[in-house]
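Read-outs throughout are calculated quantities, based only on the coordinates presented, and are distinct from any laboratory measurement. Keep in mind that this is a model prediction, so the values were computed, not measured. Cβ sites come from the backbone with ideal geometry, for glycine too, and all protein chains shown count toward neighbours.
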Amino acid sequence: MTEPVAGARKVVLPPHRVRAQRPLGTRAREWTRENLFPSPAQAVVTLLALAFATAIVALAVYLVLAAEWRVITVNRWLLFAGGFPQDQEWRLWVSVALVFPLIGAAFGLWASLGRRDLLFMALAAGFLFFLARHGDAGWASTVWVAGSLALFFAGYLVCRLVPREPGRARSIATWTAGGALALALPAVLAVLMAAGGARTNEFSGFMMNLILAPVGIAGGLLLAIPLAVGRASSLRAVSWTCTAYIELIRGAPLIGWLFVALFILEDVIAGDLIVRTMVVLAVFTSAYIAEYIRGGLQALPHGQTEAAQAVGLGRTRTLQLVVLPQALRISIPPIVGQAISLWKDTALISAILPLRELVGNSKAAIAQPEFIENRIEVYVFAAVLFWIVAFVMSRVSQRMERSLGIGER
Amino acid sequence: MARTRIGLFAVAIMAMVAMVAVACGDDNDDGEGGGGNTLQTVIDRGELLCGVKDSQAGFGIVGADGIFSGFDVEFCKGIAAAVLDDASKVRFVPASAANRFELLSSGQIDVLIRTTTVTAERDAGRAVDFAQTTFYTGQGFAVHADSGFNSTADMEGATICVQSGTTTEQNLDDHFNELGFAYTPLGGEDQDTQEAFVARRCEVWTADQSNLASRISQLENPSQYRVLGQIISKEPLAPGVRDNDSEWKDVVNWVVYGLINAEELGVTGANVGAMASNPPNAAVARLLGVAFQGGEVANLGFDVDPQFVQRALRAVGNYGDIYERTVAEVGIDRACTLNALYTEDKRSCPPGSGGILYAPPYR
C-alpha cells in the first residue's frame, strides 16, 4: 500500500474500509441496529434473549457467590449411590474403571478429541476431583478418579494408533472394542452384584440412572431391529403385529408404562421392580427406535436390494450385508436423540416408582433439616450431572455422523 | 423364498406370541396379592418390606449415607426384630402419597408406616386395615410472630399457604366455609409452602402441627414465627396392613401396643435385658414372654413365639425411647401433647391438653 501522493487519483476505498474509518461510536450504533434491532420483530427477539441471558448470569452469580455446596459434598454418597452397601464401594469404582477405558477407546476409534472436548473434560475432571477430595472422602476416591481418567486416556491413545483406513488392523480393533462395549453392561452388573455384592434393590442414586438408561437403550435397539424389519414385511400377519406393538407402545406416555411395570408386570415377570423397569424402558424405547429404523429402510433406494439379489444374495444376507447397515447408519441421529431423551426420562422414575434415582435422592437430601434451604444447589447439581452425560452422548453422535459421512450425499 | 422369509421373522413372531401369552398368564405364585398370610410370607422371605417416607425429617428420611431413619422407620425395625429376630432385615420402600395404598394392596410392601392418617374412607374403601395409631397430630397454623393472629377467628381475608392436593387443603376450605370467611389459598409442594411463608408471600401457613413445629425449629430464626395452639382436624397416623389378614395385623398391632405398654410398665431399651431375666411383676413377664416366679410362660396365641415384643424392645426400645431418638430430635416436644402417655401428670399442662396414649392390656 503506497502513500497517496498529491495530485494522484483519489483512492476509492471498499465500503467496509469506509465504514471502518468512521468514529467508533457511530460504528457501534450502526452494528447494533443492523445486527440486533433491524426490525421490530427482531428487536423483541433481542430483548427476550437479553432477558434470558440476564437470568442465566444472575443464576451463575448466585451459584458462584451465594450457593452453599456443602449439601452436595455431605450427601455425595446419597446422590451417587444411595442405598448401595457402603462396604462394597470398591465395586462402584471397579465398574467406573471398566467403563472409562472403553469410552476412551470408542472416542479413539470412531472420533477424536478436539480442543473443546479436552476443555470440557478438564472441567469435568476438576469437578470430580473437587468432590472426591472434599470433606472426609480421603485419598482412596481421589486415586480411583485419577486412575479412571488415566485409563480413559490410555484407551483413547491406544486406539488412536489404529489406522483410520479400512484394513485388517482396524477391523480387528473395531470388533474388539465393539464386543467389549457390548459386554460392558453385563460385566458392570456382574462386578456390582456377583459374589456377595449388592442386590438390585440396593441400586440407588445417579448409579441407578447410569444403569437403567443404557439397559433401556441397548435393549430397545435390539428389539427395534426385528420390529422395523417386521413392520416393512410383506407378510400381513407379521407387519400388522409389529405395527400394533409400535402403535400401542408409542400411544401411551412413559409414565403409564412405568405404572404397568409397578402394578401389572408384577404378576408376569418374577424378580424385582428394577428388572421390570428395565423391561419397560427397553420396550418403550424399542417402539420409537423401530420407527426411526423404518425411516432408514424406506430411505434406501430399491436398487440396493435389487443389486444385492442380482449378485445372488439371499434375503437374509441382503438384509444383513446391504440393507440394515445402510438403514442403521441413516437412523443414527434420531436414535441418539431417542437415547438422550430416555436418559433424561430416567429422572421420572422416582416420581412414579418406589425406586430412588438421582432426582429422588436429591429430594431426600433437601429434606434433611440442615439443608432445607439449599434446594437450588441440589437441583443445579443434578441438572449438571444429567447434562454432562447428555452432552457426551451428543458429542459422540456428532463425531460418528461426521466420520460415517451421514448427510453428505 | 417364502421359507427363509418365515424363518427370518420367526424371532419376531415368537417374541410377540410370548408377550401375549405372558400377558394373559396369571400365575400369581408368590401369594402376595391381597389378604393371604403376610406373616408367613415375611418369615419365608426373611425380610420385611416396609413402605416409608424418605423425605420428612423425624418420621422417615434418607441420610447422607443412604440409610433410613425416623419415627416410622423405627417401628419397621421393631416389627422386623419381633418377627425375624433381626432389626436389620427390613427393606425400606420409599412410598409416595400417591402410590402408597397400591403398593400395599399389590403386595410390594408388607406394612405401610408412612405418616398415613386413618380415615373411614381409607379403611372402608381401600384394601387397607389400620393398626394402632402411633402418632396423633392435627392440622395447625403457623404465623409470623409480629402478626396479630391468635386463631382462625382473626384470619378473615388472609393469604394462607397450604400443600396442594391434600386433606389439609380440604380441611382448610371446610373450616373457612364454616366460619363464613373468605381467604386466599397459596398452593404448592410442602417445601414451596414453607418458602412462601418465610418470604411473607402468605401470612399463615397450615400443615400438620407437628410438621410445622419441626420445620420452624429448623429455620434460621425460629423465634420470628409462632405455631398456634388451635387444631382444626384430627390426623391419627397409623401403620396400614392389607385387608383381611388378621394374623399379620395382630402382630403389627401388638408390637405397637407392646412398645406403648412397655413404657407404661417402665421397660426401656436399656433395661429390657435385666427385666427379662428378673421380671418385677407378672405384667412385665407376660409382655416379655418370660416366666414369672417359676410359673409358666404365658402363650397368648400369636402366630409368633411369645417373646416377640421383647425382641422389638431390645431392637428399638419402648415408645418413649423411639420418640426421643427421632421426633424429639426435630423439635417436637412430647409433654402435654396427645402423644404423651395417658398416665401423664396433667397438672402442669395447659387446660384441655395432655397425653392420651393408651394401649389395651397385654394379657
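Work out the length of the dipole vector of chain A about its Cα centre, built from +1 on the beta-carbon of each Lys and Arg and -1 on the beta-carbon of each Asp and Glu, and round it to the nearest 20 debye. Please list the in-between numbers first.
On the way: 35 positive and 23 negative charges, 376 e Å.
Dipole about the Cα centre, nearest 20: 1800 debye.
What is the ratio of the Cα radius of gyration of chain B to 2.2 N^0.38 Å, where N is its residue count, to two decimals?
On the way: Rg = 24.5 Å, N = 363, 2.2 N^0.38 = 20.7 Å.
Cα Rg divided by the expected 2.2 N^0.38 Å: 1.18.
B:Gln139 sits among other residues whose Cβ lies under 9 Å from its own Cβ, and their net charge, with Lys and Arg +1 and Asp and Glu -1, is -1.
Relative contact order for region B:248-341 using alpha-carbon pairs under 8 Å, separation at least 6, rounded to a whole percent?
Working: 96 pairs, mean separation 30.8, N = 94.
Reported relative contact order: 33 percent.
Is region A:262-409 best put as rounded, prolate or oblate by its Cα gyration tensor, with a ≥ b ≥ c the root eigenvalues, rounded for a/c under 1.5, and otherwise prolate when a/b is larger than b/c, oblate when not?
Details: a/c = 4.79, a/b = 1.94, b/c = 2.47.
Judged from the Cα gyration tensor, region A:262-409 comes out oblate (a/c at least 1.5, b/c at or above a/b).
Between B:Tyr257, B:Tyr319, B:Tyr183, the Gaussian network model of chain B with springs among Cα atoms under 10 angstrom shows the greatest mean-square fluctuation at B:Tyr183. Computed from label points 7 Å out along Cα-Cβ, the spacing between A:Arg115 and B:Ala98 is 4.8 nm.
In this simple spin-label model, placing a label point 7 Å from the Cα along the Cα-to-Cβ direction at both A:Ala310 and A:Gln326 gives a separation of 1.2 nm.
The H on the amide N of B:Leu48, modeled in the peptide plane, is under 5 Å from the matching H of B:Val90, B:Arg91, each at least 5 residues off or on a different chain. How would region A:72-404 be classified by its alpha-carbon gyration tensor: rounded, prolate or oblate, with rounded meaning a/c under 1.5 and the a/b versus b/c comparison settling the rest? The shape class here is oblate. Taking each residue as 0.36 nm, the span from A:Leu222 to A:Val64 lengthens on full extension beyond its C-alpha to C-alpha distance by 52.5 nm. Of all lysines in the structure, those lying under 23 Å Cα to Cα from B:Lys77, and not within fewer than 8 positions of it along the same chain, are B:Lys53, B:Lys89, B:Lys249. What the phi angles of region B:242-254 give under the Karplus curve with 6.51, -1.76 and 1.60, with θ = phi - 60°, is a coupling list of 5, 3, 6, 9, 5, 4, 5, 4, 4, 5, 4, 4, 7 Hz, glycine and proline written as x. Under 18 Å of direct C-alpha separation, and excluding same-chain neighbours fewer than eight residues apart, B:Lys346 reaches these aspartates and glutamates: B:Glu263, B:Glu264, B:Asp333.
Antiparallel beta bridges, as assigned by DSSP with both residues in region B:27-178, represent about 35 percent of the total such bridges. The mean sequence separation of alpha-carbon pairs under 8 Å and at least six residues apart, normalised by the residue count of chain B, gives a relative contact order of 19 percent. Just checking the listed ones, B:Arg325, B:Arg200, B:Arg215: in the Gaussian network model of chain B with Cα springs under 10 Å, the one fluctuating most is B:Arg200. Each residue of region A:101-110 was assigned a 3J(HN,Hα) from its phi angle through the Karplus curve 6.51 cos²θ - 1.76 cosθ + 1.60 (θ = phi - 60°); the sequence is x, 5, 5, x, 4, 4, 4, x, 7, 10 Hz, with glycine and proline shown as x.
The magnitude of the dipole of the protein assembly as shown, with charges of +1 and -1 set on the Cβ of Lys/Arg and Asp/Glu and taken from the Cα centre, is near 5200 debye. Inter-part distance, region B:266-317 to region B:80-118, computed on C-alpha centroids, equals 26 Å. The calculated FRET efficiency for A:His16 paired with A:Leu300, based on their beta-carbon distance and R0 = 41 Å, is about 0.30. When chain B is treated as a Gaussian network with alpha carbon springs shorter than 10 Å, the biggest mean-square fluctuation among B:Gly138, B:Gly78, B:Gly188 belongs to B:Gly188. Between B:Val128 and B:Asp243, the built amide H atoms are under 5 Å apart, and every one of these is 5 or more places off in sequence or on another chain. Which of the three applies to region A:52-197, rounded, prolate or oblate, going by the alpha-carbon gyration tensor with a ≥ b ≥ c and a/c under 1.5 meaning rounded? Taking the square roots of the gyration eigenvalues as a ≥ b ≥ c, region A:52-197 is oblate.
Would you mind calculating the relative contact order of chain A from Cα pairs under 8 angstrom and at least 6 residues apart, reporting the percent as a whole number?
Details: 391 pairs, mean separation 77.8, N = 409.
The normalised contact order for chain A reaches 19 percent.
When DSSP beta bridges are restricted to pairs lying wholly in the protein assembly as shown, around 55% turn out antiparallel. Taking each DSSP H run with n ≥ 4 as -39500 (n - 2.57) and averaging over every residue of chain B yields -11500 deg cm²/dmol at 222 nm.
DSSP beta bridges fully contained in chain B are about 55 percent antiparallel.
In this structure, the amide hydrogen of B:Tyr225, modeled 1.01 Å from its nitrogen in the peptide plane, lies closer than 5 angstrom to those of B:Ala145, counting only residues at least 5 positions away or on a different chain. For region B:173-187, putting each phi into the Karplus relation 6.51 cos²θ - 1.76 cosθ + 1.60 with θ = phi - 60° gives couplings of 5, 4, 4, 6, 5, 5, 6, x, 9, 8, 7, 10, x, 10, x Hz, in residue order, rounded to whole numbers and with x for Gly and Pro.
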